[in-house]
Amino acid sequence: METKSPDPVRAGSWEPRYAGRAERMQASEIRELLKLLEKPDIISFAGGIPDPALFPTAAVREAYGAALGSDDQAGRILQYSISEGDPQLRAWIADHMASKGIACQTDNILITSGSQQALEFLGKLLLSASDTALVTAPTYLGALQAFSASEPAYDQLQLAMGNRTAPSYREAAQSAGGSVKMAYVVPDFANPTGETLSLESRHALLSLARELDIPIIEDAAYTALRYDGAELPPVQALDVADAGSIDASRVIYCGTFSKVFTPGLRVGWICASQPIIHRLTLIKQASDLNSAAINQAVMRHLAETMFDAQVTRARQSYRVKRDAMLAALERHMPSATSWTKPDGGLFVWVTLPASINAGDLLKRSVAEAGVAFVPGHAFFTDGSGTNTMRLSFSLPDITAIENGIERLAGLVRAQHLSA
């Protein structure tokens, strides 16, 4: 079957007969919006972009110099490497996971090119066409992109105030032509809502997964960025405690250094049972052979020497920005608008009056107010949530946050009154 590219092409250009899955590949609305960052007059609340002022540039420069300090060492880290990743970095991660209540070994860790690659690999490993993935509504757009290449169906994961049962999920999956194969959650300060799964909901998720006999993908990208409240145990830690060991656990933990240190090094990891890590390693070998050894060596140096200090620094900076955005929303947004109040992470989720389409609002906001955000419908598998939007407070400074929210609120108020 001949398919057409979702991207604009020049008239008369030739294209092959693409695989059916190519039709499901869509450009990320967030990646497209990031192009606006190049325009100095735009205040962007769009991408969850770490603040470059927090990058440990001097330490990274020093770490590269140390890594290339001798010819023997340089030859080793500039060479192909093992697919599982730097053993010393994996050992540090194993100790880090143990501090979270997840006792594991280096053989339970696979290094990936950021946690986004981890999600892509897990989609390939777990999903066949027409299988069902359980996801929250809304959920992380990048996960939907990673999974959609495997042509799954999606069903809404309901954990709080929901009445869905395991049999209802099975029946829905059968109607879609497959079976329930996995559940995906961002339990701490979720992208896009900023919300956190309660301890009760984490236990409910595990109970559902056991009844359905499916794995849980725990995306922990924002876990280190807690500003308020008591830390909750990872879903994987709860499962390891019940199951008795990491190798008996059905939870697959995806971690990353990108939000704390820098996304430019592209270093993330998967922590899971050894059989799962073995299969994921085969996928890694077929994908890019190994993550860059030199970047892993640099990240190991950073993690060993300054992880806790860097986490503290990031928390202090982003807490101030979160508070500034929440205060600005309170001052300027009309009463018909509501928003989440996250205990951590990088995002605030705004619900607009039902009469406002956030996609239409974005066009006016960029053109008239010079403010960018992500329309909420991008985070729903069914395209709903048209009156919602995601705001990120990580990149703009305090003055820009105040000015941007004031401008945006003015448009919301005007559009609401004219509806």
Specify the inter-centroid distance of region 334-391 and region 84-125, based on alpha-carbon positions, in whole Å.
-> 34
For the chain, please report how many Lys pairs fall under 29 Å Cα to Cα, leaving out neighbours fewer than 8 apart on the same chain.
-> 28
What's the longest bit of the chain with no exposed chymotrypsin sites (Phe, Trp or Tyr not before Pro), using DSSP loop states and at most 11 other Cβ atoms within 10 Å as the test?
-> 81-419
Out of every Cα-Cα pair in region 57-305, what percent are more than 21 Å apart?
-> 58
What is the gain in length, in nm to one decimal, between residue 317 and residue 288 on full extension, counting 0.36 nm per residue of separation less the C-alpha to C-alpha distance?
-> 6.9 nm
What's the extension gain from residue 18 to residue 179 if we count 0.36 nm per residue and subtract their Cα-Cα distance?
-> 55.3 nm
In whole angstrom, the spacing between the Cα centers of region 212-231 and region 254-329 equals 14
Amide H neighbours of residue 153 at under 5 Å, excluding residues fewer than 5 places away on the same chain, with H built from the backbone geometry, are 130, 131, 132, 133
Built amide H within the under 5 Å cut-off of residue 43, gap 5+ = 371, 372
How far is it, in nm, from the label point at residue 105 to the one at residue 156 when both lie 7 Å from their Cα along the line to the Cβ?
-> 4.4
Rounded to the nearest 0.05, what FRET efficiency do residue 200 and residue 338 have when you use their Cβ-Cβ distance and R0 = 30 Å?
-> 0.80
Using just the helices of the chain, give the 222 nm mean residue ellipticity in deg cm²/dmol: DSSP H runs with n ≥ 4 each add -39,500 (n - 2.57), and the total is spread over all residues, rounded to 500.
-> -13000 deg cm²/dmol
At q = 0.07, 0.08, 0.10, 0.12 Å⁻¹, the log10 of I(q)/I(0) for the chain from a Debye sum over equal Cα scatterers comes to -0.35, -0.46, -0.73, -1.06
Counting pairs of Cα atoms in region 36-135, how many percent are more than 15 Å apart?
-> 79
At a Förster radius of 45 Å, what calculated FRET efficiency corresponds to the Cβ-Cβ distance of residue 278 and residue 166, to the nearest 0.05?
-> 0.95
P(r) over all Cα-Cα pairs of region 202-293, 10 Å bins from 0 to the longest distance, whole percent per bin, short to long, reads 14, 40, 33, 12, 0
Output row, site residue 80, 7 Å Cα→C-beta label point, backbone N cut-off 17 Å, window region 271-306, residues 281-294
Taking the square root of 5λ for each eigenvalue of the C-alpha gyration tensor of region 90-137, the equivalent ellipsoid has semi-axes, largest first and in whole angstrom, of 27, 13, 10
From the backbone phi of region 180-186, what are the Karplus-calculated ³J(HN,Hα) couplings (6.51 cos²θ - 1.76 cosθ + 1.60, θ = phi - 60°) in whole Hz, Gly and Pro given as x?
-> 6, 10, 6, 10, 10, 9, 10
Amide H neighbours of residue 269 under 5 Å, counting only residues 5+ apart in sequence or on other chains, H built in-plane at 1.01 Å?
-> 112, 255, 256
Rounded to 0.05, the calculated FRET efficiency for the beta carbons of residue 129 and residue 95 at R₀ = 45 Å is 0.70
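Each reported figure results from applying straightforward, stated rules to the coordinates on display, with no laboratory input. Every value quoted in this text rests on a predicted model; they were computed, and no experiment measured them. A quick note on method: Cβ atoms are made from the backbone with ideal geometry, for glycine too, and the neighbour counts reach across all protein chains shown.
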